[in-house]
1. Going down the list Lys231/Lys333; Lys215/Lys351; Lys188/Lys358; Lys293/Lys337; Lys215/Lys333; Lys114/Lys158, which pairs span over 20 Å between their C-alpha atoms?
2. So with the 1.4 Å probe, I'd like the accessible area per residue for the stretch 52-99, rounded to whole Å².
3. Under 23 Å from the Cα of Lys73, which lysines turn up, not counting those fewer than eight places away in the same chain?
4. At what distance in angstrom do the alpha carbon centres of the stretch 284-311 and the stretch 329-384 lie from each other?
5. State, as an integer percentage, the relative contact order of the chain based on alpha-carbon contacts under 8 Å between residues 6 or more apart.
6. What does the net charge come to around Asn383 if you take all other residues with beta carbon closer than 12 Å to its beta carbon, with K and R at +1 and D and E at -1?
7. What length, rounded to one decimal in nm, is gained on full extension from Val100 through to Glu347, with 0.36 nm per residue of separation minus their alpha-carbon distance?
8. How much net charge surrounds Ser320 when only the other residues with a Cβ under 12 Å from the Cβ of Ser320 are counted, with Lys and Arg +1 and Asp and Glu -1?
Amino acid sequence: MKNNKYNLAVIGGGPTGMIAAGHAGELGSRVILLEKNEHLGVKLLITGKGRCNITNAEEDLKKLINIYGQNGKFLYPALNKFSNKDVVVFFESHGLKTKVERGGRVFPVSDNAKDVVGCLKKYLKDNNVEIRLNSPVEKIIISTENSNDNKIDKIILKNGEEIIAANFLFATGGKSYPGTGSTGDAYKWLKKIGHTVVEPKPALTPVIVKEKIVKKLEGLSLKNVEVSLWKKRKLDSCFGEALFTENGLSGPTVLNLSKKIGENKIKDLKIKINFKPALDYPTLDKRILRDFKEQKNKQFKNSLNKLLPKKLIPVIIKLSGIEENKKVNEVTKIERKKLTKLLKEFELSIKGLVGFEKAIVTSGGVDLKEVYPKTMKSKIIGNLYFAGEVLDIDGPTGGYNLQVAWSTGYLAGEKSNTCRLFT
Ligand SMILES: Cc1cc2nc3c(=O)[nH]c(=O)nc-3n(C[C@H](O)[C@H](O)[C@H](O)COP(=O)(O)OP(=O)(O)OC[C@H]3O[C@@H](n4cnc5c(N)ncnc54)[C@H](O)[C@@H]3O)c2cc1C
């Protein structure tokens with residue numbers, strides 16, 4: 001008969017579950033990894049637009065911790081155990097060459113997330129982890145033998161099969177991009193077993209705006225712009241890339257501002273894009289004047305090619321209110337001033353956030369007060385561990401969220417190692 005007893009049962013075959021299971025196996029545990037999808041790492045494959053931004057090369061641990069906001073402190077032991085540098089060493093020593101790009105973003109040299117998943121699959125195989133695909137966990141059964149000693153007895157799969165283990169690790173992720181399998185399954189189990197779940201909210205999500213004109217800009221990707229968030233005064237800003245979508249904005253700058261948007265009442269919230277952040281108002285005006293002088297007989301509609309991407313020009317012309325067929329040498333100072341303002345403060349009114357369907361990450365999750373940061377062990381259930389996005393911790397774009405997966409997963413895999421219990 002098949003032995004269904006394990007030292008560790010890991011629920012969820014994302015980056016967290018894979019690194020945790022592999023490391024526990026490496027330490028000698030008999031490990032089973034349960035994944036509801038047909039494949040491991042479905043979300044991992046689409047990270048970084050299919051290139052996988054594995055981590056961030058930030059060298060200062062304090063700065064790294066601060067990036068996660070208030071809950072960042074929780075990560076100290078996990079990052080000490082398995083830092084961003086260790087992640088790079090781990091992948092390099094398992095045959096995956098890496099490179100650092102702008103903003104410290106670390107990617108595989110191959111620019112292919114498949115290679116990251118491949119590397120982890122080999123790690124699992126080399127360490128004898130039993131992998132069960134198409135195996136959604138449906139129920140968690142708590143021991144009733146001793147009411148003072150809360151423990152998980154076993155878990156039950158959708159097909160009715162029971163899995164018994166000394167320890168269990170929830171690596172089920174959050175509830176963003178549910179099509180990848182992250183449907184927030186653990187939240188309902190957690191409430192049942194006495195854990196507090198901080199309300200899960202979509203974070204790093206595209207923004208919907210009221211202005212229909214963005215549809216004309218759909219697909220336009222801008223580099224080196226400054227995007228700021230306003231409610232009468234400036235609340236926050238971000239420099240980098242932005243992308244126009246069918247009904248709003250996305251791209252790293254906007255995704256990073258989305259958390260702040262979610263924390264505010266949407267009414268009266270505005271986004272402003274500065275298309276020319278390197279030029280102050282007088283310098284931009286001089287630049288426009290120079291362009292106009294060089295093409296003094298051209299019509300206004302044909303005069304912005306050097307200054308702006310093609311797709312943006314008709315929109316700017318329309319919003320500027322300047323007659324498009326006007327000769328540029330007839331454009332008045334006041335009209336030029338309006339144009340400059342438009343380029344420095346392209347304003348859009350926020351209608352809402354896209355939500356879990358397209359959120360890169362979920363904020364909220366298992367309340368960190370109920371988890372030991374040095375072990376990732378539950379303070380409520382004696383043989384339960386947590387790691388990855390299921391925890392109430394999230395960061396901005398730039399490789400920071402996968403770093404949470406690697407660090408907490410590795411630590412949980414190590415601390416849940418009880419290879420002497422079942423052999
Ligand atoms: C489009 C996109 C791009 C991203 N790009 C980046 C990036 O470049 N860099 C970065 O740092 N972060 C990125 N992220 C975020 C990053 O992918 C996540 O933070 C990370 O995947 C979380 O890992 P996890 O293993 O904790 O959870 P997940 O990756 O969500 O994995 C959880 C797994 O558990 C499985 N599961 C859930 N419930 C059950 C159940 N009941 N039974 C069995 N299995 C179950 C799911 O099917 C899933 O495979 C991106 C996210 C998205 C959506």
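The values are calculated or read from the model by the stated rules, or taken from the named source; none is laboratory data. A quick note: this is a predicted structure, and the numbers were derived from the prediction, not measured. We place every Cβ from the backbone using ideal geometry, glycine too, and count neighbours over all the protein chains shown. The protein model used for the area step is the full one, side chains on, heavy atoms only, and it has no ligands, DNA or RNA in it. Shrake-Rupley method; radii C 1.70, N 1.55, O 1.52, S 1.80 Å.
1. Over 20 Å Cα-Cα: Lys231/Lys333; Lys188/Lys358; Lys215/Lys333; Lys114/Lys158.
2. Spelled out: the 1.4 Å probe surface of the stretch 52-99, per residue, equals 51 Å².
3. Lys62, Lys63, Lys81, Lys85, Lys201, Lys259, Lys260, Lys369, Lys374, Lys377, Lys379, Lys415
4. 34 Å
5. Taking the mean separation of contacting Cα pairs over the length of the chain, I get 25 percent.
6. Its environment carries a net charge of +2.
7. Stretched out fully, the Val100 to Glu347 stretch lengthens by 85.6 nm.
8. On the way: positive: Lys301, Lys318, Lys326, Arg336, Lys337, Lys338, Lys341; negative: Glu323, Glu324, Glu335.
My count for the surroundings of Ser320 gives +4.
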